Amino acid sequence: MYEFLYRIISTPFGYVMRFIYEFVGSYPLSLFLFALLVKLLMLPMTIKQKRTMMEQQRIQPMIQKIQKTYARDQRRMQEELQNLYDREGISPMAGCGSMLLTFPILIGLYGVIIQPLTYFMQVNADQIAQICQILNFDQTAAGYHYQIQLATLIYENFDKVSHVAESLMQVNFSLGPISMAAQPSFSQPSILWVLPIVSGATSYLMSWLQQKTNPMQANNPQAQQTNKTMMLMMPLMSIWFGFILPVGLSFYWICNNVLAIVQDLLMNIWVKKQLEKAKDGENK
């Protein structure tokens, strides 16, 4: 069942990544453009979340009144706050949707990065076995990540295997001195450490910024606790996965985080202008 769901997500992602790569001719740039495409597709959800935040700011006086009135009765306070949210049509947990979608996207892209021959180049198992035989590559000894290693060999020996499959591609995984196909080692410090660490740092910065600019967190203990947990969990997860997987996934995570930070800053400016317009309209 897991493998079936895994293929459902990774297969279309592979076609999208291939299309982007054939257009730009750069694997790292393809990862960045894939992250940008995801952000654009999720933009309507982001706009909806920011509008909800704007509504939350509008009812702040009512929230503060409830908090003051029922300061000694936390249960009643939460009931009254929930009633207020229901009347105003506001969800206190708005904003979690995009966070939940992050995981299936990462799982799908994980398949594309780890198994580039299957999902990125659309090469079948028999053709992969033939390539391994030609290049004298032992896929069993290489372990689960053998496809990404084999893909680098294909790049170096493309003339020897290009006839095996029409869909086979000569992909350069390098970004300067860093190969997106390489995997860092905890025991051997190297330049590869940069990507997992930057991935964790940008993940924390993104979570911190979103918490800082979301007024719902201050008035909803459950949402606040969830956000604090995610602020710690997401950076640690990104660093951990960055060390046990090819750094291509860390590079994607960095691109996603940076785009999310820029998007959030721009959306906050938009929300502020909308609030000012609404306030001016009420004063007229």
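The values are calculated or read from the model by the stated rules, or taken from the named source; none is laboratory data. If you're wondering where the values come from, they're calculated on a predicted model, not measured in any experiment. Using ideal geometry, Cβ is built from the backbone for each residue, glycine included, and neighbour counts are taken over all protein chains shown.
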Counted residues, region 184-206 - those being part of a loop (DSSP other than H, G, I, E, B) and either among the charged types (D, E, K, R) or surrounded by fewer than 18 Cβ atoms within 10 Å (Cβ to Cβ) (or both): 4
Some residue of region 48-62 being more than 30 Å from Leu117 (Cβ to Cβ), surrounded by 13 or more Cβ atoms within 10 Å (Cβ to Cβ) and at pLDDT 80 or above: yes
Evaluation of Asn220 against (1) more than 18 Å from Phe103 (Cα to Cα); (2) at pLDDT 90 or above (one fails), failing number: (2)
Out of Pro44, Pro28, sole residue that is outside any loop (DSSP other than H, G, I, E, B) and either acidic (Asp, Glu) or touching a Leu at 6+ places or on another chain (Cβ under 8 Å) (or both): Pro28
Qualifying residue in region 128-140 (condition: surrounded by 17 or more Cβ atoms within 10 Å (Cβ to Cβ), modelled with pLDDT of 75 or more and either of a type in the set (Asp, Glu) or in contact with a strand residue (DSSP E or B) (Cβ under 8 Å, 6 or more places away or on another chain) (or both)): no
Some residue of region 92-112 being exposed (fewer than 13 other Cβ atoms within 10 Å of the Cβ), of a type outside the set (A, V, I, L, M), at pLDDT below 90 and not in a helix (DSSP H, G or I): no
